[in-house]
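Trainee: Sending over a structure as structure tokens; questions will come in a sec.
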Amino acid sequence: MAKKYRTFSVEQKLQILQEADQHGVTQTLRKHNLSHSVFLRWKNQFNQGGPAKLQPQYRKVDPELKALQDENARLKKIIGNQALELEFKTELLKKNEAYERRLRGS
């Protein structure tokens, strides 16, 4: 069974940061069952960019970029197949030429 992680809203994070300033960090962290590293990360994020920086940072995939990557993969596959076909045909031609030379030489 997968571990369920708690999620905090921006307001809850701000409240915990303010409470830590008023009542002490250790007491607040024990009350909310948080690690010191999480608290420091939130505090650094808040100091760098205010409440907006406390928002969850998800990696957003640009749909246009995704479409270009898919098309690129499809074209690479086509080129790979064409290269394989070309190699097969050149080998076949070499064998055919060698066979014709043997026939003429005999």
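Trainee: Could you check the range 4-73 for helices (runs of 4 or more DSSP H) lying wholly inside it with 3 or more residues that are among the β-branched types (Val, Ile, Thr)?
Mentor: Working: elements: 10-23, 25-32, 36-49.
Counting at least 3 such residues, we get 25-32.
Trainee: Taking the stated definitions as given, is Lys3 under 31 Å from the mean Cα position of the chain (by Cα) and surrounded by fewer than 10 Cβ atoms within 10 Å (Cβ to Cβ)? Before the answer, list the steps.
Mentor: Working: under 31 Å from the mean Cα position of the chain (by Cα): yes; surrounded by fewer than 10 Cβ atoms within 10 Å (Cβ to Cβ): yes.
So Lys3 passes the test.
Trainee: If you don't mind, another one. Which residues, taken from the range 67-98, are of a type in the set (Lys, Arg) and under 25 Å from the mean Cα position of the chain (by Cα)? Break it down into steps so the answer makes sense when it comes.
Mentor: Of all residues in the range 67-98, those of a type in the set (Lys, Arg) come to 74, 76-77, 89, 94-95.
Across the range 67-98, the qualifying residues are Arg74, Lys76, Lys77.
Trainee: Sticking with this structure for a sec: Could you go through the range 64-83 and let me know if any residue there is under 21 Å from Tyr5 (Cβ atoms) and surrounded by fewer than 10 Cβ atoms within 10 Å (Cβ to Cβ). Break it down stepwise before answering.
Mentor: So in the range 64-83, the residues under 21 Å from Tyr5 (Cβ atoms) come out as none.
No, that holds for no residue.
Trainee: If you check Leu54 against the conditions, is it farther than 30 Å from Ser9 by Cβ and out of contact with any Gly (no Cβ under 7 Å at 6 or more places or on another chain)? Please lay out each step first, then the result.
Mentor: Details: farther than 30 Å from Ser9 by Cβ: no; out of contact with any Gly (no Cβ under 7 Å at 6 or more places or on another chain): yes.
Spelling it out, it is not the case that Leu54 is farther than 30 Å from Ser9 by Cβ and out of contact with any Gly (no Cβ under 7 Å at 6 or more places or on another chain).
Trainee: Let me ask you something else. Just for the range 26-52: of the residues that are among the hydrophobic types (A, V, I, L, M, F, W, C) and surrounded by 17 or more Cβ atoms within 10 Å (Cβ to Cβ), which one is farthest from Tyr5 (Cα to Cα)?
Mentor: Residues of the range 26-52 among the hydrophobic types (A, V, I, L, M, F, W, C): 29, 34, 38-40, 42, 46, 52.
Cutting the leftovers down to surrounded by 17 or more Cβ atoms within 10 Å (Cβ to Cβ) gives us 29, 34, 39, 42, 46.
Numbers: Leu29: 16, Leu34: 12, Phe39: 16, Trp42: 16, Phe46: 21 Å.
Only one residue tops the list, namely Phe46.
Rule-based calculations on the coordinates, nothing more; no lab input. Computed from a predicted structure; not experimentally measured. A quick note on method: Cβ atoms are made from the backbone with ideal geometry, for glycine too, and the neighbour counts reach across all protein chains shown.
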